[in-house]
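Everything on this sheet refers to the single structure shown next.
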Amino acid sequence: MKNLIFIFLICCTIGTYSQEISKIEYSIDQFVAEGNGTSVNVSSTSSLDSVIDINISGLDEGLHTIYFRSQNSDGKWSLPMQSSFYISNPDVCTVEKIFYKFFNESYSGEWNESLVVPTRKNVDSLISVSTTGLDMDEKYSIEFYAVNTCGTRGFSTYLNNIDFISNNSPVSLLSELNIDVISGTIVQISMDTLFSDSDIAYGDSLVFNLIDISNESLQEFMSWPSNDVIEFAPVSNHIQTYTFNISATDLAGENTVVAIILNVNSPTGIERKVLTDIEIYPNPARDKLQIKNLNYLGEVVAQILNLQGVTIAEQIIRNSKVDISNLGPGIYIIRFSSKDDIVTKLFIKE
């Protein structure tokens, strides 16, 4: 057990200003008569502002009280003073339980208990709390305190101004989405075009899943580049129609779905053949990509994406060139798209 260090500031108010403090005594957990406490040697002074070490090695864990007084050079004692302190052994005790209760100006809830598993010295994690008995659309505060394996109660801490609102279920923005994609191309769907949830602003989140898949071969060309974007990249052996649902589920377990019809078609039409013949050079390139075999008469847009599928730049192709001077060195995807077709290529920026 370590020594406990106190900082005393004691002023002798007995007698005249010329009198000095000549003695200090203290007792722990028991108030004793003048002269019967444990003495502390001090240099004679009219006031005392210093640090005194008190040995607490024989004390049990828990709350204790120290009493102290000073004596002046005329032998008169000051009024007694007291202070509380707490002894714990952090090397042995670990946090075992967290207690909490909700309250506001008109409500004070019961104490609830949440176990900490496994027990540990420091707790920085989420806990589930019961909201039974709370009224909707009210503000509450929560008082917390922890109890360790030695039975010691920690000091309370507070979380104030919590808005207690009812959960709003996620909403489907479409009942059905019909998609046509040509084999050999890529199509992406962002979930924010299919679903919304007004509780996102309050910390809610959505998890998306594919369910009721008509043909498991869909899994061969389906991926999630990010948590809220799904991508389909079919090839020639995937040509058929796929039906499935995308579900969105919030933290409360409420969910909704959008029905998807994905039609994978074979390459057809002169315009697609022309767009598919696109070639880029040089590769690697430094400032500009040259485009070869671009004979499509309509507008063609070039999107540049990183390998995570995030669009970095987009431009309409003019003069069969794409400016890449602002890109950092690395490997990129370039996606050429017209009203009828999408073609992707890889290139390296030096």
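The values are calculated or read from the model by the stated rules, or taken from the named source; none is laboratory data. Predicted model only: the values in this text are computed from it and were never measured. In this analysis, Cβ positions are derived from the backbone assuming ideal geometry, glycine residues included, and neighbour counts consider all displayed protein chains.
Assorted remarks:
- When residues of region 264-283 are limited to those that are within 12 Å of Val343 (Cα to Cα) and either of a type in the set (Lys, Arg) or in a loop (DSSP other than H, G, I, E, B) (or both), the one modelled with the highest pLDDT: Ile278
- Extreme residue, modelled with the lowest pLDDT, among residues of region 47-75 that are assigned to a loop (DSSP other than H, G, I, E, B) and surrounded by 14 or more Cβ atoms within 10 Å (Cβ to Cβ): Glu61
- Hey, Ser18 assigned to a loop (DSSP other than H, G, I, E, B), over 13 Å from Pro80 (Cα atoms) and modelled with pLDDT under 75 or not: yes
- Candidates are the residues of region 291-350 that are charged (D, E, K, R) and under 26 Å from Ile189 (Cα atoms); the one that is surrounded by the most Cβ atoms within 10 Å (Cβ to Cβ) is Asp341.
- Residues of region 299-329 satisfying the condition of being of a type in the set (S, T, N, Q) and under 32 Å from the mean Cα position of the chain (by Cα): Asn306, Gln308, Thr311
- 1 or more residues on the phi > 0 side of the Ramachandran plot and at pLDDT below 90: qualifying strands (runs of 3 or more DSSP E) within region 98-195: 157-164
- Single residue of Ala259, Ala252, Ala248 found to be touching a residue at least 60 places away in the same chain (Cβ under 8 Å), under 23 Å from the mean Cα position of the chain (by Cα) and in a strand (DSSP E or B): Ala248
- Any hit, region 121-141, residues being small (Gly, Ala, Ser), farther than 29 Å from Tyr26 by Cβ and either in the same structural domain as Thr243 (by TED's automatic domain parsing) or surrounded by 10 or more Cβ atoms within 10 Å (Cβ to Cβ) (or both): yes
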